[in-house]
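Written out below as structure tokens is the structure these notes cover.
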Amino acid sequence: MTKSPPRNNLRALITGITGQDGSYLAELLLSKGYEVWGMVRRSSSFNTHRIDHIYQDPHEADVRLRLCYGDLNDASSINHILRTVEPNEIYNLGAQSHVKVSFEIPEYTTEVTGIGVIRLLEAMREEGIRAKFYQASSSEQFGKVCESPQSESTPFDPQSPYAVAKVMAFHATRNYRQSYDMFAVNGIMFNHESPRRGETFVTRKISRAAARIASGLQACLFLGNLAATRDWGFAGDYVKAMWLMLQQDKPQDYVIATGESHSVREFCELCFAEADLPLTWEGEGLNETGLGPDGRVLVRVDPRYFRPAEVDHLVGDASKARRELGWEPTVSFAELAKMMVAADMQLARGEL
Ligand code: NDP
Ligand code: GDR
């Protein structure tokens, strides 16, 4: 791993650069003149498809995006990366980020999503890296809390191993800020989606299924809890808030959300309509089905997608971010569904 000569103070390290948010954030930082370093995990198959379009051959002159192998479970790799890169800003987006999966691998999730953050903060302290630090905190931390909408002052009530690990990471970030005078902040982000969303998260699962059913590539869609509601925004908007938080004079935590909450069923209806697949909903609960115009069952409920503890309803109050960061979401719920189905239609055409 060779360090390039510092051009300016715009040198950022992103963990989780291969994920949905990492790819949008890398694009944003490159467009602002940053030199971007991304930590990637070794994988037996390529895991960089979301950043292939911005990848540069390290042999080229003036390389601005560099990747290095590392893992949030491996303190020595983190220490080595920090010493080599000497970033001015660190965005910790790496995580085992799937809530349902966290019930199946709770210990691993805690290691990566919770203790990984402490490894990173401790490495910064040990190596004397005075970078500004962003922690990807989550609305899942609010869990079943009664207060609605949820803001920076709402107490946490985590309902999954993922959320428990994120609460730990949230407090560790605050604790390092208070104990060591570090510029370390939490973005408490509500769900954000895009055509780059992982295919097992519900919005992408739905938009992809709608496109594939319309293209004759898939017979039906199996879902879990259709009644859950979430505050869904566009990932491209949310990475701007991450950057804005690190440009402030004072380190502070912010809720980032649209302020609107919609059900899984509503997202499904929008996507199916967008794909020209009008749904007729009938029945309640487990037997609920969405029937296609020809009477074919297009949406089926499969209890395997239910969670041992569900978060029923989340909606965020981002007024502090609007006021202090000047941040605004630009993509509505309906526009998000339209954008995702259009991208998945194009992908489905490639599969024909
Ligand atoms: P993704 O699941 O798309 O990306 C997760 C990233 O973390 C991937 O790059 C993944 O690498 C990497 N990663 C996983 N395990 C490790 C590990 N052991 N060491 C290093 N890197 C690892 O998540 P999103 O982009 O959607 O989310 C980004 C962050 O924001 C996550 O921390 C998530 O929990 C949090 N968050 C997300 C929200 C959302 O709605 N998207 C809302 C609130 C918080 P690989 O590609 O190899 O799997
Ligand atoms: P979430 O997102 O758990 O909110 O975490 P997800 O899309 O997985 O679930 C949202 C809601 O949809 C319901 N649901 C289903 N979910 C999935 N994945 N698959 C299904 O088939 C299905 N059917 C219904 C779920 O029960 C849930 O209520 C996301 C992740 O990005 C986290 O990392 C992040 O912290 C939070 O958003 C904010």
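Of note:
- On Cα atoms only, tilt of 333-351 relative to the major axis of the chain in degrees: 80 degrees
- Structural descriptor for the chain: relative contact order 16 percent, calculated from alpha carbon pairs under 8 angstrom and at least 6 residues apart.
- Estimated 222 nm signal from helices in the chain, with DSSP H stretches of n ≥ 4 weighted -39500 (n - 2.57), rounded to 500: -11000 deg cm²/dmol
- Full-stretch length increase - Thr48, Glu324 - with 0.36 nm per residue and alpha-carbon distance subtracted: 95.9 nm
- The magnitude of the dipole of the stretch 1-124, with charges of +1 and -1 set on the Cβ of Lys/Arg and Asp/Glu and taken from the Cα centre, is near 200 debye.
- Cα Rg, Dmax, the stretch 179-259, angstrom units: 17.4, 58
- Local electrostatic count at Gln252 - Lys and Arg +1, Asp and Glu -1, tallied over other residues with Cβ under 13 Å: +2
- Local electrostatic count at Ala273 - Lys and Arg +1, Asp and Glu -1, tallied over other residues with Cβ under 13 Å: -2
- Rg and Dmax over the alpha-carbon atoms of the stretch 213-274 stand at 17.1, 54 Å.
- Helix 264-274 axis, angle to the chain major axis (alpha carbon atoms, nearest 10°): 70 degrees
- Net charge of neighbours whose Cβ lies under 15 Å from the Cβ of Arg42, counting Lys and Arg as +1 and Asp and Glu as -1: -1
- Grouping the Cα pair distances of the chain into 20 Å bins from zero gives a pair-distance distribution of 29, 57, 13, 0 percent in increasing distance order.
- Per residue convex hull volume, Cα atoms of the stretch 1-139, in Å³: 120 Å³
- Residues of the stretch 70-92 with an amide N closer than 19 Å to a point placed 7 Å from the Cα of Gln247 along the Cα-to-Cβ direction: 88-92.
- Equivalent ellipsoid of the stretch 74-153: semi-axes from √(5λ) of the C-alpha gyration tensor, largest first, are 28, 17, 9 Å.
- Under-5 Å amide H pairs with Val315, H placed in peptide plane, nonlocal only: Gln150
The numbers here are math on the coordinates, done by the rules we state, and not lab data. Keep in mind it's a predicted model, so treat the numbers as computed, not measured. Please note: Cβ atoms are built from the backbone with ideal geometry, for glycine as well, and neighbour counts cover all protein chains shown.
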